[in-house]
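Below you'll find the structure, written out as structure tokens, and then a few comments.
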Amino acid sequence: MRVTKDLVAASATPMVLGILAEGDSYGYAILRRINELSGGELDWTEGLLYPLLHRLERLGYVESSWQSVAGERRRKYYRITNSGLAELAEQRRQWDTVVDALKEIWLGSRDSRPLIAIPLGGRA
Amino acid sequence: MTALGGPDELEAQFAQWRHYAQRRPELQQSDAEELEDHLRRSVDELVAAGLHADEAFLVAVKRMGSLDDLSREFAREHSERLWKQLVLTGEADSSVADTRSRRDLLAMVVCAAGAAVSIKVPELFGLDFEDDAAFYAPNVGLFTLPWLAAFLAWRRHATKALIGVVLALFALGAVAANAYPLTDGSQSLALTSIHLLIALWFVVGLAYVADDLRAPRRRMDFIRFTGEWFVYYVLIALGGGVLTAFTFGTFEAIGISPETFVSQWLLPCGAAAAVVVAAWLVEAKQSVVENIAPVLTRLFTPLFTAVLLAFLVALGVTSAGIDVEREALILFDLLLVVVLGLLLYSISARDPLAPPGLFDKLQLALVVSALAIDVLVLLEITGRITEYGTTPNKAAALGENVILLVNLAWSAWLVLGLVRRRTRFEALERWQTGYLPVYAAWAWIVVLIFPPLFNYL
């Protein structure tokens, strides 16, 4: 099962902010974490992640710093800011609303409409 | 580390990848570094999973996706990077480039200030812009262009010998401008003023090509520089006009007349400093912004061709002769200059290896129609001169006409060869760059020899 591009894009910001809220991180690790969380179902590319991180930085939700690792190499770490935490809370409130509504439709009304019960197992 | 067998080879692959990434305008150095770190982590993991280093590299690069796609995504977030890459100072990616641009900026400020001060120095000796036009008109280039030449020579690390030659030529110009008894309003004064500027501009050109005097490529760079410099100067002048208008408007609103300040300080000092500032802008933005002069050329070549052909047709239909007054001769000289400019700037931007195309044919039509018109004018004017005798103005205009005619006639021949695939484009380029000293020589002749020849008329 592949999640559509639109849905990936819509959930990208809360996903990244949520991961950074767990602790400071860098691009590669964030991608790994998303992969892990979604069991490999979310198809994220570098072209999606890095420009998104830069946009969040421009908006002031995250801040970045270069730290040296393994000798002379440097790595760019991202840290969530207070306004990023506020944005995350707001996004979470919205997502909760959406998710609750969807659950209400799919699970709450199962008895009355058995014909369009959705097979949650997926096709994959 | 990532090494498994070939650490050097892997590093070389990373270096190559970095090189490709850095060539993308959308990716700044820090982005490339961030992506490279990502790539390295990816390779590390694949190596840990049992792949060889080179296999791991290939897989990691493949996973990251093509640089095209990556750059496009970056461009959506950082669209400004495709626009204003001309940073004035600071913010440059590498510290070496940063110090260099800082030093350039400093040198520019010093030279621009020097030019602005120089133009005011004669006032200490009681001269005035309005009353002493006979002094300022021929000398104006001598106040500003040496500073421009100094800026360029400094940038190019010119040799001592070349600096000596440039200084000597400026000194010669100073002698020519001031040694002859030229009276206010005489023809020779106007001629000297115009031609000394041209002659001194070529001295600036000498400073510009300081690193390689004979190379046609460098001379072509100077032609490009001239076109861009002109465009920038006009833009700065427009901005200056707006500034002047607001200075007048705002101060007059509170009852103070800024007229003396504007005419005695703002205009002359601004115009002198802008000479250096425009050059600095051209040098600084050389590689980051597309040249505008060739674009204008592309726009106007078809239009000028149409007008000239229409003129020829109208001349044939009405069969009226051309009324050759002095103004007409100068007008046709200027026409040839414009046609030559259109030719030069399309040459300057043309890919030397490109096959002849429609535009080359259009250019041939432009040059040939200009030549046809000019021959008609020349026949008329030589008739007049043999009839009524000559003046400095007529002689200078005639000389210029002949010089331009020779250049354009041979250019037309070369363009014809190019269209018929007989000659190579390089021949045309070489002809134009090789011809540059002819203009300089003629300008010096008019400045140095004409006044005594015509009794300072």
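Computed quantities for the displayed model
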{"quantity": "Residue in region A:51-66 that is farthest from B:D69 (Cα to Cα), counting only those that are in contact with a Phe, Trp or Tyr (Cβ under 7 Å, 6 or more places away or on another chain) and within 11 Å of chain B (Cβ to nearest Cβ)", "calculated": "A:S64"}
{"quantity": "Unique residue being in contact with a helix residue (DSSP H, G or I) (Cβ under 6 Å, 6 or more places away or on another chain) and not basic (K, R) when the list is A:L53, A:L20, A:L42", "calculated": "A:L42"}
{"quantity": "Qualifying residue in region A:30-43 (condition: assigned to a helix (DSSP H, G or I) and more than 14 Å from chain B (Cβ to nearest Cβ))", "calculated": "yes"}
{"quantity": "Subset of region B:32-50 (residues that are over 12 Å from B:V61 (Cα atoms) and either in contact (Cβ under 8 Å) with a residue 24 or more places away in the chain or in contact with a Pro (Cβ under 9 Å, 6 or more places away or on another chain) (or both))", "calculated": "B:D44, B:V47"}
{"quantity": "Of all residues in region B:1-27 being more than 27 Å from B:A49 (Cβ to Cβ) and crowded, with 17+ Cβ neighbours inside 10 Å, the one that is modelled with the lowest pLDDT", "calculated": "B:E26"}
{"quantity": "Selection from region B:16-25 of residues that are away from chain A (no Cβ under 12 Å) and part of a helix (DSSP H, G or I)", "calculated": "B:Q16, B:W17, B:R18, B:H19, B:Y20, B:Q22"}
{"quantity": "Of residues in region A:14-29 being over 12 Å from A:W44 (Cα atoms) and part of a helix (DSSP H, G or I), the one nearest to the other protein chains (Cβ to nearest Cβ)", "calculated": "A:A29"}
{"quantity": "Those residues of region B:26-35 which are more than 9 Å from every other protein chain (Cβ to nearest Cβ) and assigned to a helix (DSSP H, G or I), in sequence order", "calculated": "B:Q29, B:A32"}
{"quantity": "Filtered residues of region B:205-260 (kept if part of a helix (DSSP H, G or I), surrounded by fewer than 16 Cβ atoms within 10 Å (Cβ to Cβ) and among the hydroxyl-bearing types (S, T, Y))", "calculated": "B:T247, B:T250, B:T260"}
{"quantity": "Those residues of region B:411-438 which are small (G, A, S) and under 13 Å from B:R219 (Cβ atoms), in sequence order", "calculated": "B:G434"}
{"quantity": "Selection count where residues are surrounded by fewer than 21 Cβ atoms within 10 Å (Cβ to Cβ), closer than 26 Å to B:G399 by Cβ and among the aliphatic types (A, V, I, L, M), scope region B:325-363", "calculated": "8"}
{"quantity": "Of all residues making up region B:313-334, the number that are in contact with a Leu (Cβ under 8 Å, 6 or more places away or on another chain) and either in a helix (DSSP H, G or I) or modelled with pLDDT of 85 or more (or both)", "calculated": "3"}
{"quantity": "Every residue from region B:43-83 that is within 7 Å of chain A (Cβ to nearest Cβ) and among the small types (G, A, S)", "calculated": "B:G65"}
{"quantity": "Within region B:425-457, considering residues that are part of a loop (DSSP other than H, G, I, E, B) and touching a residue at least 24 places away in the same chain (Cβ under 8 Å), the one nearest to B:Q187 (Cα to Cα)", "calculated": "B:L457"}
{"quantity": "Qualifying residue in region A:31-39 (condition: more than 22 Å from B:D44 (Cβ to Cβ) and in contact with a strand residue (DSSP E or B) (Cβ under 6 Å, 6 or more places away or on another chain))", "calculated": "no"}
{"quantity": "Residue, nearest to B:F74 (Cα to Cα), within region A:55-76, restricted to residues that are of a type outside the set (K, R) and either buried (at least 18 other Cβ atoms within 10 Å of the Cβ) or in contact (Cβ under 8 Å) with a residue 60 or more places away in the chain (or both)", "calculated": "A:L56"}
{"quantity": "Any hit, region A:78-101, residues being surrounded by 15 or more Cβ atoms within 10 Å (Cβ to Cβ), closer than 25 Å to B:E36 by Cβ and within 11 Å of chain B (Cβ to nearest Cβ)", "calculated": "yes"}
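The values are calculated or read from the model by the stated rules, or taken from the named source; none is laboratory data. Worth saying up front: this structure is predicted, and the values here are computed from it rather than measured. Heads up, the Cβs are rebuilt from the backbone with ideal geometry, glycines too, and the neighbour counts pull from every protein chain shown.
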